[in-house]
Each structure stands twice: as structure tokens, then as C-alpha cells.
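Peer 1: Here's a structure for you.
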Amino acid sequence: LKQPKKQQKPEGSPKEAIVSGMHAAALGQLGPNKPCHTVADVGLDATEPVEIVLLSEDRSQQAAQILQQQGRKSKPIAQARKVLSCGEKPTAEQRASQGPSGPSLSEVRQFVQRQAMHYVPMFTWTRSLTLQSLRADLIAGLTVGVMVIPQSMSYANIAGLPYIYGMYAACVPAMVYAVFGQSRQLAVGPVAMVSLLINAGLGGVMAEICPDWEPGTALDSEYNQQCTKQYINLALFTSAVMGLMQILAMVLRMGFLVTFLGHPVTSGFTSGAAIIIGLSQLKYMLGIHLNKSQYIYVMFLDCAHKLSHTNWMTLFLGALALIFLLSAKVASRRYKRLSLFGPLAPLLCCMAGTLLIWLCEPLRDTYQVSYVGHIPNGLFPISFDAWNFNNFGKVLPTALSCCLIGYMESIAIGKNLAAKHGYELEAGQELLALGLSNVIGSLFSSYPVTGSFSRSAVNNATGAQTQLAGLVTSLVMLCTLKWLTPVFNFLPNFVLAAIVISSVAPLVAYQEAIKLWRIKKYDFFLWVAAFLGTLFLGVLTGIALAVGLSLSIVIYESVRPQITILWRLPGTTIYRNVKQESSGAFVPNVFIARIGSSIYFANAYFIKDWLRERILALAQINRTEYIVLEMTAVVSVDSTALHVLEDLVLDFRSQGVHIAFAMVGNRIDRTFRKAGLTNFVGEKWFFHSVHDAVVGCLRHQKAKRKLLSTRTASMSAIPAASTDCGSEPTVVQFDTEGSDLERGAPELPLSRSQEDLLDIEDNPVHVGNEIGHSNEMHHSCTVIFINIMEDISMIMSGITAIFQRRGLTVCRANIEAMGDDGLSTLNVAQPRRAAHVYHIKSLLTHGKLKDRELSDLKAELQELLHRRARSPRQISPL
């Protein structure tokens with residue numbers, strides 16, 4: 001066999017793969033994963049035989065038990081029952097091993113230690129610290145700590161909170177996550193997306209409490225001060241509710257719910273929200289007052305009316321700051337020596353802007369360049385009084401949206417980092433760590449937080465190896481709160497706006513929309529719907545629309561399961577999808593379908609209607625007498641599905657159509673037997689394979705026609721139409737002209753007593769002389785199938801001679817001499833025959849054969865078989 005000269009590039013490379021939801025943004029921030037070298041990189045000889053060995057029986061049983069335990073753990077309702085019942089009852093073996101006095105003190109200590117190591121990863125990573133990792137974590141933590149100072153102030157402004165609360169949110173939650181979190185590089189703190197959700201959600205609540213107030217209003221009156229305090233309390237309580245939701249989701253193992261948000265809708269929502277965040281900073285870049293809004297058209301109209309009042313000095317300085325930040329990002333990615341320039345650029349920009357405003361008094365007085373102003377000095381205050389459960393209903397929608405988006409953002413970046421560094425990240429533990437970070441943080445004046453894309457990317461780029469880096473970041477912020485807040489009094493607002501715009505710009509995934517247009521336009525329209533919905537309907541409505549679209553997709557795909565139509569490859573007992581195999585053929589009067597999912601109340605009637613439509617459409621071409629349902633993918637059925645299947649069998653039997661079930665799993669078989677469906681349908685209509693089901697249907701058809709012809713002959717003196725109902729086997733062949741067998745006149749259904757009279761066992765069925773081919777079964781070869789009813793001596797030499805004359809090389813050949821049972825599973829006497837399978841290539845193109853070549857090859861093989869066969873038989877078309 002000729003080996004390929006060059007190994008093809010595997011599909012699905014990181015650059016080409018479509019990752020779901022927030023993973024696309026994570027991939028953009030961190031770059032594609034680079035896995036370590038695997039065995040495949042070494043190179044293996046594909047022709048070397050490999051022995052398949054079996055695992056020992058004891059180890060196989062242990063593996064099966066472990067997998068069963070994992071299956072039980074993955075069921076949230078069962079897990080909740082276990083928690084509520086204070087654990088599972090010990091088995092008899094466990095009670096015997098514990099003895100009469102129960103578990104020993106050492107066993108209890110080991111159990112507590114295991115639980116503590118699992119739920120408090122700090123006990124694990126502190127043991128693995130070395131001087132090298134300590135140095136790397138200190139550098140990474142200091143770098144991110146310097147970066148988070150201006151970012152946290154900017155994000156607090158997006159949330160409509162005083163700047164100091166962003167700094168509070170960057171301190172305690174990062175410390176808590178370092179204790180309970182599993183990700184070694186994830187930086188937890190305030191982020192733009194969650195800040196926007198806080199502003200959009202609580203702003204509507206405050207509109208009812210303080211009608212003439214909006215988040216971010218200056219504290220120039222007692223009314224504004226009171227409204228601001230109420231808004232702060234709502235934001236802090238939202239953090240507590242969000243954390244409790246995350247902890248509850250961990251207990252119930254409900255982290256999988258975020259997978260219901262499809263990639264197109266989450267990408268569209270993220271892109272729209274990023275644009276709204278950027279536009280919300282436009283007033284600081286232009287130096288004018290714009291009313292806050294989450295609707296893009298309101299922002300544009302307000303900006304258009306006030307554009308003439310632009311402060312050109314502020315615009316000039318803001319543009320310089322934005323250009324500097326974007327250039328720093330590009331330079332840090334392009335030049336390795338400048339890798340720290342990008343993370344440090346926001347702080348450098350803040351220092352330069354602060355010095356400029358402080359030293360140049362005309363900028364403050366003459367040009368009216370706005371700056372931060374007074375920032376309170378000192379540590380975070382205790383905020384337990386913000387926990388007012390009377391406001392639970394008011395903050396619930398905002399907390400739910402923050403919980404959903406925050407967890408998606410955090411788990412996306414966390415899993416990407418874990419894959420890059422070769423460790424596992426447990427979704428449940430991440431929910432616990434984020435939940436505790438928000439709950440404990442809310443006690444110390446922190447509003448909702450989650451993992452940050454940009455800061456985690458910097459943490460990873462600067463070499464963070466353990467969670468100590470996050471602890472160092474929180475200590476940097478702690479020192480800043482204690483001693484350095486007065487330094488930022490003259491920090492200009494245009495610098496903070498430039499930092500926000502440069503941070504959210506990568507989240508606008510316009511390239512993803514272009515890719516979706518090329519790959520699947522249906523997903524592109526979903527992306528556009530979520531994108532435009534977020535821009536024009538608002539952020540909360542946009543996320544509701546995104547969730548609604550995702551759930552609509554799930555429901556649509558669930559109620560419309562994939563049902564594939566199968567036909568047989570000539571010369572084989574293989575049945576394949578008509579869309580995947582172009583050279584198959586249908587069996588006369590037999591319709592074969594594969595159901596691609598479990599059957600339950602939502603999709604049962606769709607399956608029933610689908611089958612009716614197809615059977616009706618084929619009535620004039622190939623009248624259906626038998627339906628074979630391949631049930632491999634059906635792993636569960638409910639009571640509605642059982643009723644629908646029973647109605648389906650009754651309905652089709654009344655039309656003279658029988659239904660056979662193939663490849664029914666053990667679980668479904670038990671359900672069928674308990675419900676009485678097996679007895680209702682009949683044991684004889686359940687088969688182990690599709691081919692067995694087809695053979696059973698053809699045997700039943702022959703017995704039925706024999707009974708009908710006998711009954712007709714006894715009722716009329718006129719001889720019945722010539723029908724071969726003798727004892728010779730039925731030969732499965734195809735006629736391109738279309739026979740009466742295929743289009744035959746409708747037959748009345750047999751009664752149950754007549755069905756009992758059918759002698760099915762005396763009707764053998766087997767495949768006739770056939771030649772078939774497939775260009776889809778092998779990636780590089782054309783597969784030729786030849787089934788010969790009566791084996792011909794030296795036929796293989798004639799076949800290979802034809803291959804040689806046509807310039808074809810045989811890559812693989814398999815000739816199987818069939819015994820008395822032949823291709824069917826019936827133990828009846830049949831002539832000795834053989835099944836040939838050849839994998840061939842063209843020596844000219846070194847690939848598969850074209851249609852013209854296959855047609856000529858078929859004709860020559862047919863001529864060979866007709867010439868050498870002792871009793872020539874019809875050969876089915878290729």
C-alpha cells in the first residue's frame with residue numbers, strides 16, 4: 001500500500017473552531033491553546049499490527065462502579081436529595097468495615113481533610129509553592145494590582161457608583177477567590193459587562209424610588225445623597241443575592257444551564273453590550289453632559305443635539321490617551337520585550353493625566369477639563385446593613401442576569417487558562433468560589449464581581465503560577481485604599497473613559513458575525529437578532545432576548561428530532577443515510593428510518609406526522625407495506641411517547657402497514673415490556689439489527705401473499721396472477737423500471753387470526769447477485785461490493801485483472817465465503833456464495849474513481865459475472 005507523502009492538516013484547529021459563547025472572547029484575549037506534544041507527533045507505523053487486550057475482570061467491575069457513581073453525581077435532583085438527607089446510607093459492606101462502633105477517629109479525620117482539600121484549594125496550592133513560583137506570582141500580582149486600580153474606578157463609573165466602590169470590589173473578592181478558587185491565573189474583580197447590567201437593572205428600580213435622579217449624579221444635595229445611598233445599598237445587596245444564587249447552583253449542580261445559551265446569541269449580546277459601554281463613555285471623551293441611557297438611538301440623538309458644545313481640549317487629550325492605550329496593546333503583542341507595556345499602559349496614562357491636570361491649572365479652570373475629585377481615604381466599610389430582604393424582588397432580575405453573564409465570562413476564561421496550563425477546572429467549585437466572593441464581598445462594600453478577561457490575560461502573560469497572584473493583587477489594592485487614594489483626586493475622566501473603551505473594544509466580535517455568515521446563515525441571523533436587540537431594546541431586554549432565542553433553538557431542535565432515511569448499499573447488508581451515501585437503493589415496500597433522539601411528549605407527535613407524510617408521498621412510487629424504525633439513539637421514552645407509538649402501530653396496521661423495531665436498547669425494551677407495548681406489537685416485530693428487520697418483513701410479506709393467493713384461488717375458479725409463492729428463497733433485487741411489487745395495489749390488512757396462520761419460518765430470504773460501490777465509506781478509496789449467490793471458482797483473478805487493465809490499485813480486499821445461513825441470520829439451507837469487498841484507487845489520480853469510471857467498471861464486472869456464472873442471474877445496478 002502506498003503511504004501518503006504528506007500528512008493532512010487535521011480539521012478543527014483552534015483558529016478554525018467555533019467556540020461557544022464567552023469562549024470566543026476568551027480565545028481572543030489569550031490566544032489559542034498550544035497543547036503539549038502527544039504520541040501522534042512521534043509517528044507510528046500504521047501497518048504494524050496491534051493486539052487488542054482486555055482489562056481484568058476485577059478492574060473492569062471497579063471501572064463500571066466508578067462510572068455509575070459519576071452518573072449519579074451528574075443528576076442535580078438526586079444530588080439535592082442526598083444533601084437534604086445528610087448523605088447516603090452506608091452499604092452493608094461499608095457497615096461491616098466500620099464495625100459496631102462506626103467509623104474510627106482517623107477515618108473521620110481523613111474524610112474532613114479530603115473535603116477541606118477539595119473545597120478549599122488554598123490548602124493545596126500553598127504546599128506547592130517554590131521560590132520560583134513565589135517570584136512569578138509576586139510579579140504577576142503586582143502587575144495586575146497596578147492595572148486594576150484605574151480599571152476598577154472606570155467600571156464603578158459604568159455601574160453608576162462612586163469611584164471608590166470599584167476599588168472596594170477589587171479587594172476583598174479577589175482575596176476570597178484566592179482561597180476557594182481553582183483557577184491559578186483568573187483575576188476576579190469588577191468587569192464592564194456586569195457593571196453595565198447593574199446600571200441598567202437598578203437604574204430602572206431607582207426611577208420609581210427617586211424619579212428625578214439617575215446613577216452617577218453629583219452629590220450636591222441631600223436628596224441626591226440619599227438616592228445615591230439607596231442605590232449603593234441595592235448594588236451591594238445585588239452582590240449578596242448573586243452570590244447566594246451561585247452557591248445554590250453549585251449545590252444543585254446547575255452550572256450546565258449556561259450551556260443553553262448558544263454561541264451566536266451570546267456573541268451578539270456581548271458585542272452589543274460592548275458598544276453600549278463604549279458609547280456611555282463618549283460624554284467624558286467629548287467633555288459634555290449626556291443623559292445616561294441603555295438605548296443606542298437615545299445616545300446618538302442626545303449626542304447629536306449637544307455635539308456643538310464639545311470641549312475640544314478634552315476631546316484632543318482623550319484621543320491622545322486612547323491612541324496611546326491601543327498602541328501599547330499592539331506593541332505588547334508584537335514585541336516580546338514590551339510585553340509589560342500593555343498592562344502598565346493604563347497606570348502610566350493615569351499618572352500622566354493626573355500630573356497634567358494637577359500642574360496645569362488652566363486645564364481645570366479655563367478649559368474645564370473634568371476630573372475625579374475627592375476620593376474617600378481608608379479601608380472598606382462594613383455593609384451588612386445593605387442586606388434588606390424587602391428589596392429581594394427588586395434586585396432579583398438584575399442579580400439573575402449578573403449571575404448568568406458573570407458565570408459565563410468567568411468559566412470561559414478559566415477553562416481556557418486551565419487548558420493552556422494542563423490542569424482541570426471543576427465548574428461546581430468555580431460557582432462556589434464566585435458565590436463566596438460575592439457574598440463575603442457584599443459585607444465589605446463590594447458590588448457584583450466575576451472573572452476579568454483583560455486582567456486574567458495579563459496575569460497569565462506575566463507568569464502567574466498559583467492563586468497567590470490574586471492574593472497579591474488584593475493586597476496591592478488594600479494598600480492603595482489605605483494610603484494612596486488622594487493621589488487619584490486629579491485623575492481626569494477622559495483617561496478613565498479611554499481605559500474603558502480600549503478594554504471593551506475586543507469584545508465587539510464583528511469577525512465572528514462574518515464567519516457565521518460563511519458557515520451557517522441561520523446562526524448569523526441569531527447573532528444579528530441578539531446584537532440589535534441589545535442595542536435598541538436595552539441591555540436587560542437584550543439578555544432576555546438572547547436567553548429566549550437560545551431556549552427557542554433548544555426547544556425547536558428538541559421537538560423536531562433528526563430522523564434519517566436509510567437505504568441499503570447493493571451487495572451488502574449495510575444500511576446508510578440517503579444523504580451520506582449516494583449509491584444506495586431502497587428495498588421494495590419497506591421504508592427504513594432512524595430516530596435520532598429520545599421520544600417524549602414534545603416530539604412524539606412530530607415523529608408520527610413525519611412518518612405519515614413520507615409514507616403518503618411514496619404511495620405512487622414504492623408503496624409501503626413495512627416500516628422499520630432503527631432505535632439506536634432512543635435512550636428513553638415517556639408515557640406520552642408510548643401512547644403515540646401504540647396509536648401509530650394501530651393506525652398503520654389499519655392501512656395494511658406493519659411497523660418493525662430494530663436495535664432497541666435494554667432500557668427501552670424494559671419500558672416497552674412494562675407498558676405492554678411489546679405484547680401489543682408482537683415479539684416477532686423486534687429485531688437485533690436493521691438487516692434482520694428487513695429480512696423479517698420480507699418473510700412476512702411472502703407468507704402474507706401466499707395466504708392471500710391461496711384464499712383468492714379458493715374463492716374464484718380463475719387462476720390467480722402468477723406469483724412466485726413457492727418454497728424458493730426470496731431474492732432481494734432492484735428493478736430500475738419499477739415493478740408491480742413496488743407499486744402494487746393496496747392490500748386489506750390481515751386480521752389477528754389470519755396473522756397467526758402465517759407460516760413465516762418457511763420463507764427464507766437472502767441477498768441476490770449484486771454489485772455496489774461507495775465513495776463515502778472511506779476517506780481516500782472507492783469501495784466495491786460484489787455479492788455472488790453461487791461462488792464461482794477463480795472469479796477473483798478475473799476481477800483483479802479488470803482492475804489492472806483499468807489502472808486501478810487494490811488497497812485492501814476481503815472475500816468472505818458464506819455458509820448455509822449466508823447473509824441472513826436464518827438457519828436455512830442455501831447455496832454456497834461469497835461476498836467480495838475491494839478498496840481501490842486510481843493510479844492516475846491517486847484517489848477515488850469518478851462517476852464515468854465507476855459506470856464503465858460496473859459494466860465490465862457485470863459482463864464477467866454473466867460469462868462465468870453457471871446460471872446467469874440479473875445483476876442489480878451499481
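The values are calculated or read from the model by the stated rules, or taken from the named source; none is laboratory data. Predicted model only: the values in this text are computed from it and were never measured. Because the Cβ atoms are built from the backbone with ideal geometry, glycine has one as well, and the counts that use them run over all protein chains shown. What goes into the accessible areas is simple: the full protein's heavy atoms, side chains included, and nothing from ligands, DNA or RNA. Shrake-Rupley method; radii C 1.70, N 1.55, O 1.52, S 1.80 Å.
Peer 1: Of the residues Leu340, Leu322, Leu326, only one is open to solvent by less than 60 Å² (accessible area, probe 1.4 Å) and in contact (Cβ under 8 Å) with a residue 60 or more places away in the chain; which?
Peer 2: Sole residue among the options that is open to solvent by less than 60 Å² (accessible area, probe 1.4 Å) and in contact (Cβ under 8 Å) with a residue 60 or more places away in the chain: Leu322.
Peer 1: Name every residue in segment 227-277 that is hydrophobic (A, V, I, L, M, F, W, C) and under 17 Å from Val554 (Cβ atoms), in order of residue number.
Peer 2: Within segment 227-277, Met254, Phe256, Leu257, Val258, Phe260, Leu261, Val265, Phe269 qualify.
Peer 1: Of the residues that make up segment 178-198, is at least one over 32 Å from the mean Cα position of the chain (by Cα) and open to solvent by 10 Å² or more (accessible area, probe 1.4 Å)?
Peer 2: Keep residues of segment 178-198 that are over 32 Å from the mean Cα position of the chain (by Cα), which gives none.
No, that holds for no residue.
Listed here are the residues, each with its yes/no results for (1) in contact (Cβ under 8 Å) with a residue 60 or more places away in the chain; (2) of a type outside the set (Asp, Glu); (3) surrounded by 21 or more Cβ atoms within 10 Å (Cβ to Cβ).
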| residue | (1), (2), (3) |
| --- | --- |
| Tyr223 | no, yes, no |
| Asn233 | yes, yes, no |
| Thr238 | yes, yes, yes |
| Gly255 | yes, yes, no |
| Ser267 | yes, yes, yes |
| Ser271 | yes, yes, yes |
| Ile275 | yes, yes, no |
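Peer 1: A further question follows. Please go through segment 663-689 and pick out each residue that is closer than 18 Å to Val644 by Cβ, among the polar types (S, T, N, Q) and touching a residue at least 12 places away in the same chain (Cβ under 8 Å).
Peer 2: Scanning segment 663-689 gives a single hit, Thr671.
Peer 1: Something else about it: Which of the following residues is without any contact (Cβ under 8 Å) to a residue 60 or more places away in the chain, more than 17 Å from Leu650 (Cα to Cα), open to solvent by 20 Å² or more (accessible area, probe 1.4 Å) and not hydrophobic (A, V, I, L, M, F, W, C): Arg612, Arg623, Arg594? Steps first, please.
Peer 2: Numbers: Arg612 fails: more than 17 Å from Leu650 (Cα to Cα); Arg623 fails: without any contact (Cβ under 8 Å) to a residue 60 or more places away in the chain.
Answer to the check: Arg594.
Peer 1: Within segment 343-355, can you find the residues that are closer than 17 Å to Ala457 by Cα and either open to solvent by less than 20 Å² (accessible area, probe 1.4 Å) or without any contact (Cβ under 8 Å) to a residue 24 or more places away in the chain (or both)?
Peer 2: Passing the criteria: Pro343, Ala345, Pro346.
Peer 1: If you don't mind, there's one more thing I want to ask. Just give me the residues in segment 292-314 being part of a helix (DSSP H, G or I), open to solvent by 50 Å² or more (accessible area, probe 1.4 Å) and of a type outside the set (Phe, Trp, Tyr), in sequence order. Walk me through how you get there before you give the answer.
Peer 2: The initial filter retains those residues of segment 292-314 that are part of a helix (DSSP H, G or I), namely 296-309, 312-314.
Pick out the ones that are also open to solvent by 50 Å² or more (accessible area, probe 1.4 Å) and you get 297-298, 300-301, 304-309, 312-313.
Result: Val298, Leu301, Ala304, His305, Lys306, Leu307, Ser308, His309, Met313.
Peer 1: Sticking with this structure for a sec: Scan segment 359-381 and give yes if some residue there is without any contact (Cβ under 8 Å) to a residue 40 or more places away in the chain, under 36 Å from the mean Cα position of the chain (by Cα) and open to solvent by 20 Å² or more (accessible area, probe 1.4 Å), otherwise no.
Peer 2: Among the residues of segment 359-381, not one is without any contact (Cβ under 8 Å) to a residue 40 or more places away in the chain, under 36 Å from the mean Cα position of the chain (by Cα) and open to solvent by 20 Å² or more (accessible area, probe 1.4 Å), which makes the answer no.
Peer 1: So, one more: For the list (1) touching a Phe, Trp or Tyr at 6+ places or on another chain (Cβ under 6 Å); (2) farther than 30 Å from Leu320 by Cα; (3) open to solvent by less than 20 Å² (accessible area, probe 1.4 Å), I need the number of the one condition that Val472 fails.
Peer 2: (1)
Peer 1: Continuing with the same structure: Test of understanding: among Glu424, Glu409, which residue is open to solvent by less than 50 Å² (accessible area, probe 1.4 Å) and acidic (Asp, Glu)?
Peer 2: On inspection, the qualifying residue turns out to be Glu409.
Peer 1: Give the residue, chosen from Ser550, Ser558, that is open to solvent by less than 40 Å² (accessible area, probe 1.4 Å), closer than 30 Å to Gln294 by Cβ and either assigned to a helix (DSSP H, G or I) or at pLDDT 85 or above (or both).
Peer 2: None of the other options fit; the residue is Ser550.
Peer 1: Just to be sure before I move on: is Val508 aliphatic (A, V, I, L, M), closer than 30 Å to Val783 by Cα and either open to solvent by 10 Å² or more (accessible area, probe 1.4 Å) or in contact (Cβ under 8 Å) with a residue 60 or more places away in the chain (or both) in the structure I sent?
Peer 2: no
Peer 1: Looking only at segment 312-329, which residues are over 40 Å from the mean Cα position of the chain (by Cα) and either farther than 16 Å from Tyr284 by Cα or among the β-branched types (Val, Ile, Thr) (or both)?
Peer 2: Selection gives Thr314 alone.
Peer 1: Give Val590, Val649 a once-over and let me know the one that is over 19 Å from Ser689 (Cβ atoms) and at pLDDT 90 or above.
Peer 2: Residue meeting the stated conditions: Val649.
Peer 1: Among what's in segment 382-406 and is farther than 22 Å from Ala457 by Cβ and among the β-branched types (Val, Ile, Thr), pick the residue that is surrounded by the fewest Cβ atoms within 10 Å (Cβ to Cβ).
Peer 2: Ile382
Peer 1: Shifting gears a bit: For segment 118-169, enumerate the residues that are assigned to a loop (DSSP other than H, G, I, E, B) and basic (Lys, Arg).
Peer 2: Hit for segment 118-169 is Arg127, nothing else.
Peer 1: Has segment 628-643 got at least one residue that is over 31 Å from the mean Cα position of the chain (by Cα) and loosely packed, with under 15 Cβ neighbours inside 10 Å?
Peer 2: Scanning segment 628-643 turns up at least one residue that is over 31 Å from the mean Cα position of the chain (by Cα) and loosely packed, with under 15 Cβ neighbours inside 10 Å.
Peer 1: How many of the residues making up segment 778-820 are among the charged types (D, E, K, R), assigned to a loop (DSSP other than H, G, I, E, B) and modelled with pLDDT of 85 or more? So that I can check it myself, show each step before the final result.
Peer 2: Of the residues in segment 778-820, the ones among the charged types (D, E, K, R) are 790-791, 805-806, 812, 816, 820.
Checking which are assigned to a loop (DSSP other than H, G, I, E, B) leaves us with 790-791, 806, 820.
Adding the requirement that they be modelled with pLDDT of 85 or more leaves 806.
Number of matching residues: 1.
Peer 1: Using the structure shown, decide if Lys704 is free of Cβ contacts under 8 Å to residues at least 12 places away in the same chain and either among the basic types (Lys, Arg) or crowded, with 16+ Cβ neighbours inside 10 Å (or both).
Peer 2: No, not satisfied.
Peer 1: From the list Thr845, Thr825, which one is among the hydroxyl-bearing types (Ser, Thr, Tyr), at pLDDT 70 or above, part of a loop (DSSP other than H, G, I, E, B) and surrounded by fewer than 17 Cβ atoms within 10 Å (Cβ to Cβ)?
Peer 2: Thr845
Peer 1: Right, here's the next one. Would you say Leu496 is hydrophobic (A, V, I, L, M, F, W, C) and surrounded by 24 or more Cβ atoms within 10 Å (Cβ to Cβ)?
Peer 2: In short, yes.
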